[in-house]
Amino acid sequence: MQQNLAGGNWGISQIHRWTLYKTVIEGMLAHRSSAFCLNPTFKMKRKLSSIQRPFLLHISGAYRTTSTAALQTILGIPPLHMQLQFEARFTSIYRLRIPLPPFLTDTQPHDLEMQATGWSTHPSEHLKPNQISFEDGEAYIARKDIINIFTDGLKTEHGVGAAFCVLTNDIWADQRSAKLNNNTVFQTELTALHESVIYASHLPNHNTFKIHVDNRASIMASSNSKSTNETSRKNFKILLSNPRIKVSWVKAHAGNIGNERADQQAKDATQHGQPYSHTKLPKPHIKGLLRKRMLEEWQTSWKNGDTGRKIYNIMPSVSLRPTNWIRENVIFFSQHGPFPAYLKRFHLSDSDYCSCGAIGTALHYATECIYTVSWHMRKPASNFEQEWLKRVANNLVSRQKIRGIIRFISENRDLFRPL
């Protein structure tokens, strides 16, 4: 199967080959990785590298002698054992509820939000038709017989905050806010709504409440008895037992005095609010921590490696984002291509001289060969060669010239035959 998948170019573009590998191949290889790749041995790392290498070659179109480490960095694809170890670590803590070592994270399984399943109540139980409204509820603010509550939650560079404020007879009767942990905006909006429905449910029964929320998703989740979010389910149960509490959407940042006040309270809470720990951490949080750890391990391996140093001098930092290099760029910057200097190095030719009489390196063809003058760039001084390569790699016009050079050489092999 591997030979079939890693053969040719799969008949599709490079970016689609990359996507196919990341979504299908890695997913297939990661199946049950928690059972065998939580602490991979050296032998296992070598085996996984040999499995990954054919895919890297055919995604990039590079020569077979190009180092695996260089291809991983160019394509933004981590070493396979690191990717599978990342998946194994995540599965262990999130699905199997097994704590990870402290050097990885202090987060415990019970700190993470889990998806709920099934119905939160009997399927026959529903909210009253007038309890939920997705029409702008600003008109209700002027009514004196209704207690209006405004909620908001947001995330800034300072942190995450949630707040609600209570308007009764044109008087701000109460307001509450809290600072959350590394939670999402959706969780924050749900938390603000949750605390507001609890607040309303504890007030006298003769009061009617209208809770104004500027986030449609949190309203929809809280009105759904099959929501997978635990906070949404709690909101649904409270609303079900308190039909006098109504929830309405209100347009955000539209000059609504209550919404603007709640928004400001939430902003203040991101810096000065009381800590709120009842909302558990989302799945993306632990994934982000483990992914950061994987990148650190990959960066250390790339920095201390002994292969792919030509690419390392151009790209010293690893990233999960692929470069926008096409095949010809990979060939040129790796210097593994149809160059006499390369052919002699790997004993594929007896001479490293270009047919023009000079040493046939990649730099030679880009700057001085008489046969590629149409694509020439200014030749750098020898002590600035690495800096020149970095600039060329980051310049679209220069990369297009490289593409022209490599294609011209490939189409005229007899002209460039080593002397």
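Just so it is clear, none of the values below were taken in a lab; they were calculated from the coordinates. As the structure is a prediction and not an experimental result, all values here were calculated from the model. Positions of Cβ are generated from backbone atoms using ideal geometry, with glycine treated the same way; all protein chains shown enter the neighbour counts.
Summary of values
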{"read-out": "Residues residue 384 and residue 351, FRET efficiency given R0 of 22 Å [Cβ-Cβ distance, rounded to 0.05]", "value": "0.20"}
{"read-out": "Beta bridge orientation in region 132-279: antiparallel %, DSSP, nearest 5", "value": "60"}
{"read-out": "Per-peptide average of other Cβ atoms within 10 Å, ordering 310-318, 269-277, 175-183, 66-74 highest first", "value": "66-74, 175-183, 310-318, 269-277"}
{"read-out": "Calculated FRET value between residue 116 and residue 307, using beta carbons and R₀ = 51 Å, to 0.05", "value": "0.60"}
{"read-out": "Distance histogram in 10 Å bins (all Cα pairs of region 176-294, percent per bin)", "value": "12, 40, 36, 10, 2, 0"}
{"read-out": "Residue-wise HN-Hα coupling along region 319-324, computed from phi with Karplus coefficients 6.51, -1.76, 1.60 (Hz; x: Gly, Pro)", "value": "7, 7, 9, x, 6, 8"}
{"read-out": "Sites matching GluC sites (Glu not before Pro) across region 145-239 that sit in DSSP coil, with at most 15 neighbouring C-beta atoms within 10 Å", "value": "157"}
{"read-out": "Largest-first principal axis extents of the Cα set of the chain (Å)", "value": "99, 47, 38"}
{"read-out": "Residues residue 65 and residue 400, FRET efficiency given R0 of 25 Å [Cβ-Cβ distance, rounded to 0.05]", "value": "0.50"}
{"read-out": "Cα-based reach from residue 237 at 21 Å (exclusive), listing lysines while leaving out same-chain residues under 8 positions away", "value": "128, 210, 226, 246, 280"}
{"read-out": "Fraction of antiparallel bridges per DSSP, the chain only, in percent to nearest 5", "value": "60"}
{"read-out": "Rounded to 10°, Cα long-axis angle of helix 257-272 versus longest principal axis of the chain", "value": "60"}
{"read-out": "Backbone HN-Hα couplings from phi across region 405-416 [Karplus 6.51/-1.76/1.60, Hz, Gly and Pro as x]", "value": "5, 5, 5, 5, 5, 5, 7, 10, 4, 5, 5, 9"}
